[in-house]
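First comes the structure, then the notes that go with it.
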Amino acid sequence: MGFFRIRTTVDERPGRLASLATALADKGGNILGLSVQPDTDGTVDEFVTDIPASPEAVREALEAAGGRRVRIVPATAHELTDEPTRALLLAARLRSAPWRLPEILAELLRADDARWVYGAATRRARNGEDEGDGDEIAELPDPTLLVVPVAPRRSIRLRRAGLPFTLTEAARAAAMARLAQPPAEPSAAEGPVRLADGAEVQVKPLTSLYREALRDLHERCSPETRRFRYFTANPTLPPRLFERLCDRARGQSLVAGHDGQVVALGSLIFTSDPGIAEIAFLVEDRWQGRGLGARLARMLLAQARDLGLAEVRATFLHDNTRMRRLLGSLGATLTPTEDPGVMEARLAVGVLTTASPS
């Protein structure tokens with residue numbers, strides 16, 4: 001018998017996890033721990049098992065059950081701990097000794113190595129550049145390398161040879177790193193914003209007072225703009241949706257006003273997944289391409305940081321090129337969904353807030 005940590009990617013379909021568990025049981029395995037992590041091209045299922053079969057036999061069984069990129073590494077009884085409790089204990093240690101951040105991140109992610117990188121080395125590490133000479137950049141990002149931004153020119157580089165890092169783990173590391181930083185000044189949720197062309201708008205939190213103004217915004221927007229925001233060209237904003245956007249227990253929304261009219265709406269919507277929110281925008285046609293969406297995005301992302309969120313996501317139509325460019329400029333990972341006409345963007349908040357304003 002031996003302890004193993006097994007990780008495999010599966011398609012997001014009902015019954016896939018049951019198929020993997022059955023395959024492990026058929027090999028005499030006893031599942032002692034389980035975690036499920038969403039990733040760019042499916043779901044990553046991770047098991048800690050006590051199993052008599054050889055790693056190769058287990059790999060073949062899981063691949064036959066629908067698993068992809070199966071990784072099997074040795075584990076110890078020490079790893080049979082409650083993961084939320086372990087993370088909380090590490091956070092408590094970090095609070096008392098913030099200078100031990102690399103060590104604690106390594107323990108959080110069970111990395112083989114963790115060290116500070118500074119200045120130009122931070123840029124090279126994020127690009128996956130070879131540390132030996134700094135002259136070549138890998139064609140694809142190294143999945144066994146994770147760089148966690150801590151300040152604009154200071155990061156922690158982690159390596160883990162056995163198991164590639166997932167987006168969920170990157171979000172966890174970014175959230176832990178923020179505990180070691182001084183408290184941030186509360187982000188400005190309202191005030192004047194001057195755009196690159198000199199135009200000025202007033203940004204304020206959405207309240208029920210803006211019901212009529214928001215209704216007028218929807219009526220002025222073109223059918224294509226409404227379709228990009230709601231996946232339908234319905235010219236009216238349903239009252240139930242307006243109430244949800246105003247409910248601060250469900251998220252945060254900002255409106256941008258000019259000459260007595262609301263010209264844009266940006267929303268940060270909480271999801272059922274802890275630490276994750278969705279982001280969406282509606283910008284009147286004549287204000288598009290002027291940087292207003294980007295300014296609202298950065299204000300909402302700053303709020304996400306202040307709220308302690310770890311990751312922000314967005315879904316958008318494939319032909320929404322403005323949204324694609326905006327999210328790409330923020331460093332989001334863009335991937336297709338099962339719907340061929342819909343894309344998904346995911347971004348760790350710790351990465352977002354280090355980007356310089358546009």
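Heavy atoms only, probe 1.4 Å: what % of the accessible area of region 224-358 goes to carbon and sulfur, would you let me know? Solvent-exposed carbon and sulfur of region 224-358 make up 52 percent of the total. Of the residues 309, 337, 289, the one whose Cα sits farthest toward the positive end of the charge dipole of region 254-344, with +1 on the Cβ of Lys and Arg and -1 on the Cβ of Asp and Glu, is 289. Charged side chains reduced to their Cβ positions (Lys and Arg at +1, Asp and Glu at -1) give the chain a dipole of some 940 debye around its Cα centre. Once a ≥ b ≥ c are taken as the square roots of the eigenvalues of the Cα gyration tensor of region 220-358, is the result rounded (a/c under 1.5), prolate (a/b larger than b/c) or oblate (a/b not larger than b/c)? Rounded is the answer for region 220-358, as its axis ratio a/c remains below 1.5.
Take the Cβ atoms of residue 68 and residue 113, set R0 to 25 Å, and the FRET efficiency comes out at 0.40. Rounded to whole numbers, the Karplus 3J(HN,Hα) couplings from phi for region 196-212 are 4, 8, x, 5, 10, 10, 9, 9, 9, x, 5, 9, 5, 5, 9, 4, 5 Hz, using 6.51 cos²θ - 1.76 cosθ + 1.60 with θ = phi - 60°, and x at Gly and Pro.
A cut-off under 12 angstrom between Cβ atoms defines the neighbours of residue 246, and their net charge, with Lys, Arg +1 and Asp, Glu -1, is +3. Each residue of region 14-20 was assigned a 3J(HN,Hα) from its phi angle through the Karplus curve 6.51 cos²θ - 1.76 cosθ + 1.60 (θ = phi - 60°); the sequence is x, x, 5, 4, 4, 5, 5 Hz, with glycine and proline shown as x.
Couplings 3J(HN,Hα) of region 284-292, computed from phi: 4, 3, 6, 9, 6, x, 10, x, 5 Hz, in residue order, whole Hz [Karplus 6.51 cos²θ - 1.76 cosθ + 1.60, θ = phi - 60°; x for Gly and Pro].
The values are calculated or read from the model by the stated rules, or taken from the named source; none is laboratory data. Quick caveat, the model's predicted, so the values are computed rather than measured. Counting neighbours? That spans all protein chains shown, and the Cβs are built from the backbone with ideal geometry, glycine included. These accessible areas exclude ligands, DNA and RNA; they are computed on the full protein's heavy atoms, side chains included. Shrake-Rupley method; radii C 1.70, N 1.55, O 1.52, S 1.80 Å.
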